[in-house]
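Just below is one structure, and these are the notes that go with it.
The values are calculated or read from the model by the stated rules, or taken from the named source; none is laboratory data. Given the structure is predicted, the values throughout are model-derived calculations rather than measurements. When we count neighbours, we look across all protein chains shown, and the Cβ atoms used for this are built from the backbone with ideal geometry, even at glycine. SASA here: full protein model, heavy atoms, side chains in, ligands and nucleic acids out. Shrake-Rupley method; radii C 1.70, N 1.55, O 1.52, S 1.80 Å.
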Amino acid sequence: MKKLILLAAIGLWTPALLAGGGHFHPKKVAKCTAECTADQLKAALPEAINHLSKWGKIDASWKTAKVTDVSKKTFSKGPEWVLTLDNAGKKHYVFITLDGFVAGANDTGD
């Protein structure tokens, strides 16, 4: 009986260790099967902004920003798409993997 209680306790406790909160989960936002195109990325931008805003990575005001450039940049982890946005004169950058997962955002482009 003690072994059964111990196993049940371990079973309930272990998932709590593995499922810590507060970290960002990339999400597939672009509907592309291979490498995404600029048009597919522009269409996916609203969903990417909603996802990043939900996780507290960006402010919701980015929803009104307009895309001014879509380019591919190589970083230390490899190439990603960089969408440059203009939000009332302020530049923002959204990073999406080549296969359509939102990877992050910032105001520096790096």
Open item on the list: I want to check the label-to-label distance for residue 39 and residue 63. Put each point 7 Å from Cα in the C-beta direction and report it in nm to one decimal.
Closed with: 2.7 nm
- [ ] Show 101, 95 ordered by accessible area, largest first, where the area counts protein heavy atoms only and the probe is 1.4 Å.
- [x] 101, 95
Open item on the list: Through the Karplus equation 6.51 cos²θ - 1.76 cosθ + 1.60, θ set to phi - 60°, convert the phi angles of region 40-53 into ³J(HN,Hα) values in whole Hz; use x for Gly and Pro.
Closed with: 5, 5, 4, 5, 7, 4, x, 5, 4, 5, 4, 5, 5, 5
- [ ] Calculate one ³J(HN,Hα) per residue across region 84-91 by plugging θ = phi - 60° into the Karplus curve 6.51 cos²θ - 1.76 cosθ + 1.60, and present them in order as whole Hz with x for glycine and proline.
- [x] 8, 10, 10, 10, 6, x, 9, 8
